[in-house]
Amino acid sequence: MAPVPSHDDERLQRFYDTETKYHPAPVPTPLDRSRAIGFVSSKTNRGESPEKLRKLMRLAVFYDLRESAGAFSGMLTGGENQPEDVYRSALALIALAWIGDQGQQAQAQGYYHGLQDRADIDRQRDLMLEVVEGFGPREGTGYHRQWVQTSIAGLAERGRQAKAGHNVAGAKLAQEKTNALTEYLNLQLPRVDRAFSLRQRIEAVDPPTQVKPLITLSLANTPEATPALSYWASMRLLRLGPNAAGPIAAEFSSQATALARPGQELFRARALRATEFFGQALSEPDYDWLAGQPDTLTDPLVLRPDL
């Protein structure tokens, strides 16, 4: 007998079809996990556009769809010939960094090293860094840093050759690329290193003790909270297990109370929506206040049953 269509199937299809260039596309919440598994597993392949594949990756990470890891592993064929091929493989690696078993993650990490060597450093270094951030401290920034440093050395040689040949335009282009990569090396990578250090400190303590710092990062109401770190914290909270939902909701509620002051409306709204997401009902005044706050559809820990 064929499975009975579900309202969740329609929601998944709308999410999948939304043009993210023009509209935000938050992961549907709540969602029947079995429907999500079937949807992601059936659509994850190298024929997908990078935009749609990113949505499938986000679904798999959000709902920890380990059952779909095989579909993402199957995409790693080693045949990346075009920039979009590299993009697809990178998204598969990010998914596996979150949902793969030990063997799949080890395979994905090794594959990442080869993929980075095939990537265009000018156009895809941020994409490769996104993969690094998916793997986190167990990968670190070392291999990525070496890739950048090797490219800088190559550009220096190109610049010398261009000057020797009186190629002014070529020398200028090599210097501009060197400047961009040097800035990336000196500013962006240290930020990621600091984020990894913070992640290690949080993961080193027992799960109940992780709740408060993860929530602070999730709300992005601290100078340390980069978008990538805020996302990581939100996904970590989802993985602390059902027994943690009550304490997580209580801590979000507590932080929402502390944020009830001028200038903190955005963070208070995030905290209240996350309080509801983790199962705690809001007081009537908080509910009424939250109803008047705009939802940008970018925060992940929000119940959106109508989307």
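The values are calculated or read from the model by the stated rules, or taken from the named source; none is laboratory data. A quick note: this is a predicted structure, and the numbers were derived from the prediction, not measured. Every residue, glycine as well, gets a Cβ built from its backbone with ideal geometry; the counts of neighbours run over all protein chains shown. Protein only, heavy atoms only, side chains kept; ligands, DNA and RNA dropped before computing areas. Shrake-Rupley method; radii C 1.70, N 1.55, O 1.52, S 1.80 Å.
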- Qualifying residue in segment 238-254 (condition: out of contact with any strand residue (DSSP E or B) (no Cβ under 8 Å at 6 or more places or on another chain), over 25 Å from Pro30 (Cβ atoms) and surrounded by fewer than 17 Cβ atoms within 10 Å (Cβ to Cβ)): no
- Among the residues of segment 258-275, the number that are surrounded by 14 or more Cβ atoms within 10 Å (Cβ to Cβ) and either at pLDDT below 95 or over 23 Å from Leu59 (Cβ atoms) (or both) is 11
- Query: In segment 112-137, how many residues are basic (Lys, Arg), modelled with pLDDT under 95 and either exposed (fewer than 13 other Cβ atoms within 10 Å of the Cβ) or over 26 Å from Asn81 (Cβ atoms) (or both)?
  - Reply: 0
- Collect the residues in segment 134-157 that are without any contact (Cβ under 8 Å) to a residue 60 or more places away in the chain, under 30 Å from Tyr231 (Cβ atoms), in contact with a helix residue (DSSP H, G or I) (Cβ under 9 Å, 6 or more places away or on another chain) and not β-branched (Val, Ile, Thr), keeping them in residue-number order. Gly134, Phe135, Arg138, Glu139, Gly140, Tyr143, His144, Arg145, Trp147, Gln149, Ser151
- Task: Confirm whether Arg46 is closer than 20 Å to Arg239 by Cα, open to solvent by 20 Å² or more (accessible area, probe 1.4 Å) and not acidic (Asp, Glu).
- Result: no
- Which helices (runs of 4 or more DSSP H) does segment 1-110 wholly contain that include 2 or more residues that are more than 20 Å from the chain's Cα centre (by Cα) and farther than 30 Å from Gly140 by Cβ? 7-17, 33-43
- Message: Under 6 Å between Cβ atoms, which residue pairs at least 6 apart in sequence (or on different chains) link something in segment 158-173 that is closer than 19 Å to Asp122 by Cα and open to solvent by 100 Å² or more (accessible area, probe 1.4 Å) with a partner that is part of a helix (DSSP H, G or I) and modelled with pLDDT of 90 or more?
- Response: Arg158/Ala174
